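Trainee: Sharing a structure, written as structure tokens. Questions coming.
The values are calculated or read from the model by the stated rules, or taken from the named source; none is laboratory data. The structure presented is a predicted model; accordingly, all values stated were derived computationally and were not measured. Heads up, the Cβs are rebuilt from the backbone with ideal geometry, glycines too, and the neighbour counts pull from every protein chain shown. Protein only, heavy atoms only, side chains kept; ligands, DNA and RNA dropped before computing areas. Shrake-Rupley method; radii C 1.70, N 1.55, O 1.52, S 1.80 Å.
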Amino acid sequence: MPTWLTTRLTTDLAARQQLGLFRSLTVAESAIDFTSNDYLGIGRSGTLHTKLAQAATSLTRNGATGSRLLAGHTYLAETVEADLAQFYGAETALLFNAGYMANVGLLACLPQAGDTLLTDELIHASLIDGARLSKANRLRFAHNDLADLETKLHSASAQNGHVFVVVESLYSMDGDEAPLPQIAALCTAYNAALIVDEAHASGVYGPGGAGLVVAQGLADQVLARIHTFGKALGVHGAAVLGSALLRTYLINTARSFIYATALPPHDLLAIQLAHAQVAHEPERAEVLRERVAYFRQRSQQLAPEAVWLTSTSPIQGLVVPGNAEVRRVAALAQAAGYDVRPIVSPTVAVGQERIRICLHSYNTEAEIDGLLTALTRAIQVSPQPVDLAT
């Protein structure tokens, strides 16, 4: 590595450490899981593991060996996409290697020069990156703010191009839902196309786990839905759900689909079997809802003075302002045996740093009580006064 580059990288990393922004990889396999997105426990399911091992014996190759447009397209891929379309109540599905690639590919190719992308200010980084790659004009509206969205829709509609609105159905940091019926109504009124990322709702919400769009009867009003499988489905990959015309267009224009080696057959089987298990075990989602309700009740009893996110989803959070302070509180909870992670600014707004807590169907009430006790003690022994008033 050239000396100048060594100096640049070292200086940049040192600055990140000074600002409390330095990241590192941490293994916490022995800790009690309150951080993974495996909401339904499918990722650790012995049933899925066994069925996948049995099904894999029928495979004749290990890898996809090429992109879908070359050697990577198989009858298995077509079958899985048909299953996904049925599961999520859509005309068609198109597989991508990950939610990140689906979002980047979709937003980079669909809006054209002269069009406008209106995005919620809290959308995921993958949607932001896709929007940046687009040739369309980009505007953000305040999070879940219908008045701000309408103001920007009115302004964008006065231009020559067309308008796309991009939201998440369930947001990954605050755990709150988008007001989808009202957003869909505004898009209809202004002839805008609506795109909804259902990453954190997939498998958890809606009939059979089909997501919040289907749960609210809005499938016909949404241009594209992105469902990812690395969270509640416990496997890997993603799909864009929509019309046959949209699928064909993406096959021809989405670079993250065209130029990526296809998912290997083992992953395709895992996607198929994971969705089948969610469909046949609805009790997992019911237990998860019970755990969320228990957490919300106990958090107010054990730490009523703390600032908790107002989420009714599996994504909960304790606001601990300041990067250094939130890291300290997280470290104390981790030392007590609970795997929680600090979310620091600028990932969230300054002053909104928080301990992000993901609840799962396999978390016990005793584990929830233990986590809340550990967090309460960590706050109380804080060496730096923190305003926790509601």
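Trainee: About the Cα centre of the range 159-258, what is the dipole size in debye to 20, counting +1 per Lys and Arg Cβ and -1 per Asp and Glu Cβ, all else neutral? Show your work: numbers first, answer last.
Mentor: Working: 4 positive and 7 negative charges, 80 e Å.
Magnitude of the dipole: close to 380 debye.
Trainee: Using a 1.4 angstrom probe on the protein heavy atoms only, could you order Lys51, Lys231 from most to least accessible area?
Mentor: The most accessible residue leads, giving Lys51, Lys231.
Trainee: Under the rule a/c < 1.5 gives rounded, and otherwise a/b versus b/c splits prolate from oblate, where does the range 178-318 land using the Cα gyration tensor? Mind dumping the intermediate values first?
Mentor: Values: a/c = 2.20, a/b = 1.41, b/c = 1.56.
Since a/c reaches 1.5 but b/c is at least a/b, the shape of the range 178-318 is classed as oblate.
Trainee: Could you size up the charge dipole of the chain around its Cα centre, putting +1 on the beta carbon of Lys and Arg and -1 on that of Asp and Glu, and report it in debye to the nearest 20?
Mentor: Working: 27 positive and 35 negative charges, 205 e Å.
Around 980 debye, computed over the chain.
Trainee: Measuring from centroid to centroid over Cα atoms, what is the spacing of the range 25-47 and the range 172-210 in Å?
Mentor: 26 Å
Trainee: If you don't mind, there's one more thing I want to ask. Can you give me the % of accessible surface on the range 236-287 that is carbon or sulfur? Probe 1.4 Å, all protein chains present, nothing else counted. List each step's numbers first, then the result.
Mentor: Details: 1390 of 2300 Å².
The nonpolar share, carbon plus sulfur, comes to 60 percent.
Trainee: Counting only heavy atoms of protein chains, what accessible area per residue, in Å², does the range 58-126 have with a probe of 1.4 Å?
Mentor: Working: 2940 Å² over 69 residues.
With the other protein chains kept in place, the range 58-126 gives 43 Å² per residue.
Trainee: Using a 1.4 angstrom probe on heavy atoms only, work out the carbon and sulfur share of the accessible area of the range 298-374 in %.
Mentor: On the way: 1590 of 2730 Å².
Ligands and nucleic acids excluded, carbon and sulfur reach 58 percent.
Trainee: Full-extension gain between Ala53 and Glu29, please, as 0.36 nm times their residue separation minus the C-alpha to C-alpha distance.
Mentor: Between Ala53 and Glu29, full extension yields an extra 6.4 nm.
Trainee: State to the nearest 20 debye the size of the charge dipole of the range 92-148 about its Cα centre, where the only charges are +1 on K and R beta carbons and -1 on D and E beta carbons.
Mentor: Numbers: 4 positive and 6 negative charges, 51 e Å.
The dipole magnitude comes to about 240 debye.
Trainee: A further question follows. At 0.36 nm per residue, and after removing the present C-alpha to C-alpha distance, how many nm does the segment from Leu5 to Thr261 gain when stretched out fully? Please list the in-between numbers first.
Mentor: Working: separation 256, 0.36 × 256 = 92.16 nm, distance 3.16 nm.
Net length gain for the segment: 89.0 nm.
Trainee: Out of the chymotrypsin sites (Phe, Trp or Tyr not before Pro) in the range 257-364, which ones are loop residues according to DSSP with at most 15 other C-beta atoms within 10 Å? Display every interim value, and only then the final one.
Mentor: Values: sites: Phe257, Tyr259, Tyr294, Phe295, Trp308, Tyr338, Tyr362; in loops: Tyr259, Tyr362.
Here the chymotrypsin sites (Phe, Trp or Tyr not before Pro) that fit, given the DSSP loop and packing criteria, are Tyr259.
Trainee: For the range 1-37, run through the chymotrypsin sites (Phe, Trp or Tyr not before Pro) and keep only the ones in DSSP coil with at most 15 other Cβ atoms within 10 Å of their Cβ. Don't jump to the answer; show the numbers that get you there.
Mentor: Numbers: sites: Trp4, Phe22, Phe34; in loops: Phe22, Phe34.
Here the sparse-neighbourhood loop sites are Phe22.
Trainee: Please enumerate, by chain and number, the lysines with C-alpha under 21 Å from the C-alpha of Lys51, excluding those fewer than 8 residues away in the same chain.
Mentor: Lys231
Trainee: Taking the solvent-accessible surface of protein heavy atoms with a 1.4 Å probe, what is the per residue accessible area of the range 295-390 in Å²? The partial results should precede the final answer.
Mentor: On the way: 4110 Å² over 96 residues.
Per-residue accessible area for the range 295-390 comes out at 43 Å².
Trainee: Here's something else I'd like to know. Putting +1 on Lys and Arg Cβ atoms and -1 on Asp and Glu Cβ atoms, find which of Val287, Gln277, Ala330 reaches farthest to the positive end of the dipole of the range 230-333.
Mentor: Ala330
Trainee: Can you give the net charge of the other residues whose Cβ lies under 13 Å from the Cβ of Ala108, counting K and R as +1 and D and E as -1? If you can, show how the numbers build up before the last one.
Mentor: Values: positive: Arg132, Lys135, Arg138, Arg255; negative: Asp115, Asp129.
For residues surrounding Ala108, the net value is +2.
Trainee: If you don't mind, another one. Would you give the gap between the C-alpha center of the range 74-121 and the C-alpha center of the range 247-305, rounded to a whole Å?
Mentor: Distance between centres, Cα-based: 15 Å.
Trainee: Classify the range 126-197 as rounded, prolate or oblate from the Cα gyration tensor: take a ≥ b ≥ c as the square roots of its eigenvalues, call it rounded if a/c is under 1.5, otherwise prolate when a/b beats b/c and oblate if not.
Mentor: Values: a/c = 1.90, a/b = 1.20, b/c = 1.59.
Judged from the Cα gyration tensor, the range 126-197 comes out oblate (a/c at least 1.5, b/c at or above a/b).
Trainee: Moving on. On a full-extension model of 0.36 nm per residue, what is the gain between Ala14 and Asn160, subtracting their alpha-carbon distance, rounded to one decimal in nm? Could you put the intermediate results ahead of the total?
Mentor: On the way: separation 146, 0.36 × 146 = 52.56 nm, distance 4.70 nm.
Length gained, Ala14 through Asn160: 47.9 nm.
Trainee: Residue by residue through the range 292-300, what is 3J(HN,Hα) from phi via Karplus (6.51 cos²θ - 1.76 cosθ + 1.60, θ = phi - 60°)? Round to whole Hz and write x for glycine and proline.
Mentor: Computed from phi, the couplings for the range 292-300 are 5, 4, 5, 4, 5, 5, 6, 5, 6 Hz.
Trainee: In terms of Cα to Cα distance under 17 Å, which aspartates and glutamates are near enough to Lys135, apart from those fewer than 8 places away along the same chain?
Mentor: Candidates past the 8-residue exclusion: Asp115.
Trainee: Under 1.5 on a/c is rounded, so check that first for the range 19-145, then, if it is not, pick prolate when a/b is larger than b/c and oblate when it is not; a ≥ b ≥ c are the square roots of the alpha carbon gyration tensor eigenvalues. Show your work: numbers first, answer last.
Mentor: On the way: a/c = 2.06, a/b = 1.25, b/c = 1.65.
Oblate, because a/c is 1.5 or more while a/b does not exceed b/c.
Trainee: May I ask what percent, to the nearest 5, of DSSP beta bridges between residues of the chain are antiparallel?
Mentor: Numbers: 20 of 39 bridges.
Among the beta bridges of the chain, antiparallel pairing accounts for roughly 50 percent.
Trainee: Once the other residues with Cβ under 12 Å from the Cβ of Ile343 are scored (Lys, Arg +1; Asp, Glu -1), what is the net sum?
Mentor: Working: positive: Arg23, Arg327, Arg341, Arg354, Arg356; negative: Asp174, Glu353.
Here the charged neighbours net out to +3.
Trainee: For P(r) over Cα pairs in 20 Å bins from 0, in percent, one of (i) 26, 55, 19, 0; (ii) 22, 35, 21, 18, 4; (iii) 27, 49, 21, 3 was computed from the structure I shared and the rest are decoys. Which label?
Mentor: (i)
Trainee: Quick one: with all protein chains in place, what share of the accessible area of the range 144-207 is carbon or sulfur, to the nearest percent (1.4 Å probe)? Don't skip to the end; give the middle numbers.
Mentor: Details: 1210 of 2360 Å².
About 51 percent, which is the carbon plus sulfur part of the accessible surface.
Trainee: Solvent-accessible area per residue for the range 157-197 at a 1.4 Å probe radius, Å²?
Mentor: Details: 1500 Å² over 41 residues.
Using a 1.4 Å probe on heavy atoms only, each residue of the range 157-197 averages 37 Å².
Trainee: For the range 20-95, which GluC sites (Glu not before Pro) are both in a DSSP coil and crowded by at most 12 other Cβ atoms within 10 Å?
Mentor: Details: sites: Glu29, Glu78, Glu81, Glu91; in loops: Glu29, Glu91.
Passing both the DSSP loop test and the Cβ count: Glu29.
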